[in-house]
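The values are calculated or read from the model by the stated rules, or taken from the named source; none is laboratory data. No experiment lies behind these values; they were computed from the predicted model shown. Note that we place each Cβ from the backbone using ideal geometry, even for glycine, and neighbour counts take in every protein chain shown. The area values use the complete protein model at the heavy-atom level, side chains included, leaving out ligands, DNA and RNA. Shrake-Rupley method; radii C 1.70, N 1.55, O 1.52, S 1.80 Å.
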Amino acid sequence: MPIKGTIARGLTEEEDEHLKLQLQYGEKEQSENLMIVDLLRNDLGRVCEPGSIHIPCLIDVESYATVHTMVSTIRGKKQPKMSPVDCVRAAFPGGSTTGAPKLRSMELLDAIENSSRGIYSSSIGFFSYNRTFDLNIVMRTIVIHDGEASIGGGGALVALSNPESEYEEMILKTRATVNTVLEFQKESILDYE
């Protein structure tokens with residue numbers, strides 16, 4: 001389920017609905033979402049039965065406490081010879097964190113990012129004995145290591161992107177997790193006093 005396209009919630013019901021529609025019908029946001037839908041269709045095509053890939057939900061908007069986000073759903077019937085591990089190899093890393101074309105984007109990211117992403121944009125999940133599995137892509141997650149908290153953040157760039165707006169969107173996406181760390185830190189200081 002690609003999640004690509006994010007906008008803040010409004011302060012009033014009217015503003016909230018306006019922002020939701022702005023997200024859903026924005027050309028740039030649709031471009032981002034469709035780029036990842038197409039990428040995932042290609043990934044699934046390597047492990048699904050021909051003709052079985054379909055999109056039951058294209059460019060829907062889900063609302064959360066601080067943001068609206070655009071989602072699509074892509075499904076396909078796995079080829080019997082393909083294992084769960086084959087499916088994961090075909091789909092990961094997720095295109096919403098790499099961009100497209102996936103392999104070239106990963107090469108470019110590796111060349112320009114100054115450190116490993118760690119768990120951010122990786123995956124957490126499970127494989128079961130009955131050959132089912134469920135995985136996610138790690139986003140908006142706090143990693144605590146050696147007493148320091150880190151939060152990964154990013155966004156998609158398409159031809160219609162504005163760098164300043166993309167930066168603001170990245171800050172918006174990380175705001176709730178940053179606020180959680182700050183609130184925990186504040187409570188810890190108060191508990192210590």
**Complete:** So, over other residues within a Cβ distance under 13 Å of GLU166, counting Lys, Arg +1 and Asp, Glu -1, the net charge is -2
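Lys and Arg at +1, Asp and Glu at -1: add these up for the other residues within a Cβ distance under 13 Å of THR69 and post the number.
0
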**Request:** Could you pull out the chymotrypsin sites (Phe, Trp or Tyr not before Pro) across the range 86-146 that fall in loop regions by DSSP (anything but H, G, I, E, B) with no more than 13 other Cβ atoms inside 10 Å?
**Result:** TYR129
**Message:** Mean Kyte-Doolittle hydropathy of -1.0 or higher plus an axial Cα length of 27 Å or more: which whole DSSP H helices in the chain meet both?
**Reply:** 163-192
**Asked** Lysine pairs in the chain with alpha-carbon atoms under 26 Å apart, 8 or more places apart or on different chains: how many are there?
**Response** 15
**Message:** Give me the one-decimal nm value for the distance between modelled label points at LYS77 and LEU160, 7 Å along each residue's Cα-to-Cβ direction.
**Reply:** 3.6
**Label point distance in nm, ARG175-ASP16, each placed 7 Å from Cα along Cα→Cβ** = 1.4
**Message:** How large are Rg and Dmax for the range 86-193 when calculated on the C-alpha trace, in angstrom?
**Reply:** 17.1, 53
**Message:** Between the range 127-170 and the range 76-95, how far is it from one alpha carbon centroid to the other, in angstrom?
**Reply:** 21
**Asked** Which of LEU23, ILE144, PRO101 sits farthest toward the positive end of the charge dipole of the chain, with +1 on the Cβ of Lys and Arg and -1 on the Cβ of Asp and Glu?
**Response** PRO101
**Prompt:** Considering the values (1) 22.4, 72; (2) 18.5, 64; (3) 18.5, 61, which represents Rg and Dmax of the Cα atoms in Å as calculated for the structure under consideration?
**Reply:** (2)
**Fill in**
Ignoring ligands and nucleic acids, ASP146 exposes an accessible area, probe 1.4 Å, in Å² to the nearest 10, of 130
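Near GLY10, within a Cβ-to-Cβ distance under 9 Å, what is the net charge of the other residues, with Lys and Arg +1 and Asp and Glu -1? Let's see the in-between values first.
Values: positive: ARG9, LYS20; negative: GLU13, GLU14, GLU15, ASP16, GLU17.
Spelling it out: positives minus negatives among the neighbours equals -3.
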**Asked** Extension gain ILE124-ARG104, at 0.36 nm per residue separation less the Cα-Cα distance, in nm?
**Response** 4.8 nm
